[in-house]
Amino acid sequence: MDDVNGESVRGGRMSGYEKEEEEKEKRGHAVCLPSPAQSHISAMLKLAKLLHQRAGFRITFVNTEFKHARLLRSHPSFFSTSLDDFQFVTIPDGLPPPSDPDGTQDVPELCEATRTFMPLPFSRLIATLLETSSDESRGVSCILCDGFMSFTATPAARQFNIPLLFFWPVSASSFLAPKHYRAIEEKLRPLAPPKDARSSEANTFLDTVIDWIPGMECMRVRDLPNSFGTKDGDDDFLLNFVLDVVQNTTDLNPTPPMIFHSFEALERDALDALSSISTHIYAIGPLHLLLNQVVHVDDRSHRLKQIKGNLWKENAECLEWLNSKEPKSVMYLNFGSIAFLTQEQLGEFAMGLASSKQPFLWIIRPDLVNQGDSTSANAILPREFLEETKGRGLISGWCPQEEVLNHPSIGGFLTHCGWNSIMESLSVGVPMLCWPCFGDQKGNCRYVCSEWETGLEIGSDVKRDDVERLVRKLMTDDGDDDETGKKLKKRAMEWKKTAHEAALGSAALDFNKLLNYLTSIQN
């Protein structure tokens, strides 16, 4: 058999296919360890698919036993779609199973388990993978660790001398906040008002702009992970855990490469500031846009595409419902996988939405509101809301969010400001109403509303009148004398263009740089 140049493939030059297979073998084997949370699993899975499909990496994807069991229930064909070179394995999390097998685990307990219990089972897993490797080329060539799992992965990386990379499925700016938190706290302490200060004094302090930290120039005190001066930071477990995680990842010498789910045009200043922390910073996002560029040419790649990271079963019927609606007419509401609402907050959102007269798609997961033994959305929503909105809205337990946001009927997104949701919204040009709940969500909200100008904030003390007013402002021209809604929509479409340009430009370039780095560290 001859190649196109008339030279024998068998006895001389390799075919293009053989060269590609040889290059893929050189790429090695990545062990991917996401934090056991919906958005983190989903983002890591996208990155793992990119490494596998575009660079030929073998993937071992590590979930906790509890989360993997939920994935299997949500996607019964999960194992059948798994491939020999893209395998899923589990480690225990050390926590007693909750009474609800699909319930949300206690977040502080789960965080603590990542440093007290999970390191040993993860190290044993790595040892097993190394022992069962058929040859050197099929050993573990790198550990791709969610930054919030650093306490779990670092001991194994050191023990077996395996290169470690950190993936942060958050914004670059939200990483800077905990990185400089103690320095910010020290500088602000003399300025903090006394506990019995009037609310006007407290608000003045909370509006103090942190303009002395590169990459955080627009952030205010109230936008920090825990608003300094409003709570005792030493008693905030989650805050201190994040501070410890960031310190643990940046104290390593040398600091491992860091991959952020972001792109240069979106967070140029923050990414530049991070370059002083690590010599290898890669901004690869939006991940789903990069992944959408993969051409599925055979049954094997199509099967891999079907592997999803949702902890709840998706309701695809909502897409059919959206098909019956006018373009840009539907408000989409989703508070994510971890945030909780009180019954009062749910009622305020519901009645504000009802008064807006706007069509809506509202995702209400079973445990969104702590309601005793009741998990029915109809049982916890006000009766007058259900009567007022009958035929105008759809309530769903979960949905394929990327497809929903990309649907032409969606005109706005009421979100908790989780980073994955923001990236998905920016990439399709959908403006946002922001109701941040905790952690990095407050900072994300600040950037969406102030810097990127593609959203409006709903106050933490949510009121139905505010919800009605802001939904109308975003979705219609009713009462929009300053044309705020038009401006937001225009900016949203500009960011859509920029995000798609990044997926073909800066993010694609950073992905290639990441591959070059991974190639350089192969044994």
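What follows is calculated from the coordinates using simple rules that are stated; it is not laboratory data. The structure presented is a predicted model; accordingly, all values stated were derived computationally and were not measured. Backbone-built Cβ (ideal geometry, glycine too); neighbour counts: all protein chains shown.
A helix-only calculation puts the chain at -13000 deg cm²/dmol for mean residue ellipticity at 222 nm, using -39500 (n - 2.57) for each DSSP H run of at least four residues, averaged over all residues. Distance check, please: which entries in Lys390/Lys473; Lys325/Lys442; Lys308/Lys463; Lys179/Lys442; Lys187/Lys463 exceed 25 angstrom between their Cα atoms? The pairs that break the limit, which is 25 Å between Cα atoms, are Lys325/Lys442; Lys308/Lys463; Lys187/Lys463.
If R₀ is 56 angstrom, what is the calculated FRET efficiency for the pair Thr476 and Glu131, using the beta carbon separation as r and rounding to 0.05? After rounding, the FRET efficiency stands at 0.35. Hey, for a label at Arg124 modelled as a point 7 Å past Cα toward Cβ, could you say which residues of the range 89-109 have their backbone N under 13 Å away? Those under the cut-off are 90-94.
For the chain, the spread of Cα positions along the three principal axes, ordered from largest to smallest, is 78, 57, 46 Å. Simple spin-label estimate for Lys487 and Ser77 gives 4.8 nm between the two label positions (7 Å along the Cα-to-Cβ direction from each Cα). Taking the inverse of the mean 1/r over every pair of distinct Cα atoms in the range 372-523 gives a Kirkwood hydrodynamic radius of 17.7 Å. Residues in the range 47-53 carry Karplus couplings, in order, of 5, 4, 5, 4, 4, 6, 7 Hz; the curve used is 6.51 cos²θ - 1.76 cosθ + 1.60 with θ = phi - 60°, and Gly or Pro positions show x. For the chain, the longest principal axis of the C-alpha atoms and the axis of helix 65-74 are separated by about 80°.
Of Met493, Met44, the sequence from fewest to most neighbouring Cβ atoms within 10 angstrom is Met493, Met44. Spacing of the modelled spin labels on Glu344 and Gln522, each 7 Å from Cα toward Cβ, amounts to 6.0 nm. Residue separation of His296 and Leu386 scaled by 0.36 nm, minus their Cα-Cα distance, works out to 28.1 nm of gained length. Could you please state, rounded to a whole Å, how far the C-alpha centre of the range 103-152 is from the C-alpha centre of the range 161-214? Here the two parts' Cα centres lie 30 Å apart. The long axis of helix 343-356 is offset from the longest Cα principal axis of the chain by roughly 80 degrees.
Could you work out the relative contact order of the chain? I mean the mean sequence separation of Cα pairs under 8 Å and 6+ apart, divided by the number of residues, in percent. Contact order relative to length: 15 percent.
Peptides 447-454, 209-216 ranked from most to least packed give 447-454, 209-216, packing being the mean of other C-beta atoms within 10 angstrom over each peptide's residues.
Under 5 Å between amide hydrogens, built in the peptide plane, is the criterion, and for Leu361 it picks out Met331, Tyr332, Leu333, Leu394 among residues at least 5 positions away or on other chains. Note on Thr255 and Thr90: the model spin-label points, each 7 Å out from Cα along the C-beta direction, lie 3.7 nm apart. Once the Cα atoms are used to define both axes, helix 484-504 deviates from the longest principal axis of the chain by about 10 degrees.
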